[in-house]
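> Pasting in a structure now, in structure tokens, and then I'll have a few things to ask.
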Amino acid sequence: MTVLQGILLGVLQGIAEFLPISSSGHLTLAQHLFGLDEVPLLFDVFLHLATLAAVILYFRKKIWKLLKIFGRWIARRPEPEKAELETDLLMGTEKAGRKTIIAIIITTAITGVMGIVTSKLIPELPVQYICIGFIITAILLVVSSLLSKKQNDLQEAEKQQLKAQPQAGQSEQNTTSDQEPKGISILQSIIIGVMQGFGTLPGISRSGSTIAGALFSKVDCRAAGDYSFIVSIPAILGAFILELKDLGEMGEAVGAVPLIAGCAASFAVGYISLTLLMKLIRRGKLAWFACYLIPVAILGLIFVH
């Protein structure tokens, strides 16, 4: 692998990891086109680690908030008198934060079991299956956009109704009820975990399937994106540990300089892509990416062999 190829793959990973178009599927196709079929899966995982650093940087305040709640929970210390991030739907209160921590553990456990199974299937699947995965992802994105739009319309209708018919003494409470921190329930965490595990298949976007699972289980669209990427942290770290056995093989096939260049490009482009995607999630515009995935899938089925 050349340095230029490493940078191009890093840029591709940075774009595709956060935009819901399946980074693993795009990397596999790109490596196939570059004639790099012998590159071990661990190289892809290193690029995922670079984008993971972008996730940690972007969500650093929320992650720190969760760690503090977890520390107080373990030490059995009372919550602060003044709550932090009160409007944060995942961790705005101590109770909501604890529910979210439990949810992350459940989601990660389910994803881990499914990931071990799918990791056995990935080397055996032909490239054409990635294109089929792109089509499935496109369908998930359209469904997600419809669910998000419906949710936003309901919230807007409720706000307009409350403004038109205010009731003395409770109007302020009702207008803020939809912003009350609730965390993630056990049932929601199970559904999201299954969808994230489904996203480990080639061509299936992890972020797209996880956000779809969150919206399907009625997680607020403002929290669905946050949870999707926060819960990706243990998933990516777990995949890295599982693939460490290929470290020596990767050194022979890739080399240190292309790897470093690829990771640097993946981190920089990934942070920009994540910033863009979070805005699109809140606006319910994920279906835009289906317009890209379906033509790519069709072209791939026709020309890639």
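The values are calculated or read from the model by the stated rules, or taken from the named source; none is laboratory data. Small disclaimer: the values here were computed from a predicted structure and weren't measured. Ideal geometry is used to build each Cβ from the backbone, glycine not excepted, and the neighbour counts take in all protein chains shown. To get the accessible areas, we keep the full protein, side chains included, count just its heavy atoms, and leave off ligands, DNA and RNA. Shrake-Rupley method; radii C 1.70, N 1.55, O 1.52, S 1.80 Å.
> Going residue by residue through segment 179-197, is there one that turns out to be modelled with pLDDT under 75 and polar (S, T, N, Q)?
Yes, segment 179-197 contains a residue that is modelled with pLDDT under 75 and polar (S, T, N, Q).
> It is to be established whether one or more residues within segment 237-251 are at pLDDT 90 or above, within 21 Å of residue 16 (Cα to Cα) and either in contact with a Ser or Thr (Cβ under 8 Å, 6 or more places away or on another chain) or basic (Lys, Arg) (or both). Steps first, answer last, please.
Of the residues in segment 237-251, the ones at pLDDT 90 or above are none.
Within segment 237-251 (the criterion being at pLDDT 90 or above, within 21 Å of residue 16 (Cα to Cα) and either in contact with a Ser or Thr (Cβ under 8 Å, 6 or more places away or on another chain) or basic (Lys, Arg) (or both)), the answer is no, since none of the residues qualifies.
> So, in segment 188-211, how many residues would count as being in a helix (DSSP H, G or I) and open to solvent by 10 Å² or more (accessible area, probe 1.4 Å)?
Initially, segment 188-211 is screened for residues in a helix (DSSP H, G or I), giving 188-198, 206-211.
With open to solvent by 10 Å² or more (accessible area, probe 1.4 Å) added as a condition, the list becomes 188, 190-191, 194-195, 198, 206.
Residues flagged as in a helix (DSSP H, G or I) and open to solvent by 10 Å² or more (accessible area, probe 1.4 Å) within segment 188-211 amount to 7.
> Still on this structure: For segment 71-93, enumerate the residues that are hydrophobic (A, V, I, L, M, F, W, C), over 20 Å from residue 220 (Cα atoms) and at pLDDT 70 or above.
Of segment 71-93, the ones hydrophobic (A, V, I, L, M, F, W, C) are 73-75, 83, 85, 89-91.
With the extra rule that they be over 20 Å from residue 220 (Cα atoms), the set shrinks to 73-75, 83.
Hits for segment 71-93 are 73, 74, 75.
> Mind listing whichever residues of segment 46-71 are without any contact (Cβ under 8 Å) to a residue 60 or more places away in the chain, basic (Lys, Arg) and open to solvent by 20 Å² or more (accessible area, probe 1.4 Å)?
Initial filter on segment 46-71 (without any contact (Cβ under 8 Å) to a residue 60 or more places away in the chain): 60-61, 64-65, 67-71.
Narrowing the set further to residues that are basic (Lys, Arg) leaves 60-61, 65, 68.
The answer is 60, 61, 68.
> If a residue has to be more than 12 Å from residue 291 (Cα to Cα), open to solvent by less than 50 Å² (accessible area, probe 1.4 Å) and either in contact (Cβ under 8 Å) with a residue 24 or more places away in the chain or of a type in the set (A, V, I, L, M, F, W, C) (or both) to count, how many in segment 129-156 make the cut? Walk me through how you get there before you give the answer.
Within segment 129-156, the first condition is being more than 12 Å from residue 291 (Cα to Cα), and the residues that meet it are 129-133, 136, 140, 143-156.
When the remaining residues are screened for being open to solvent by less than 50 Å² (accessible area, probe 1.4 Å), the result is 130-131, 133, 140, 144-145, 148, 151-152, 155.
Still in the running and either in contact (Cβ under 8 Å) with a residue 24 or more places away in the chain or of a type in the set (A, V, I, L, M, F, W, C) (or both): 130-131, 133, 140, 144-145, 148, 151-152.
Result for segment 129-156: 9.
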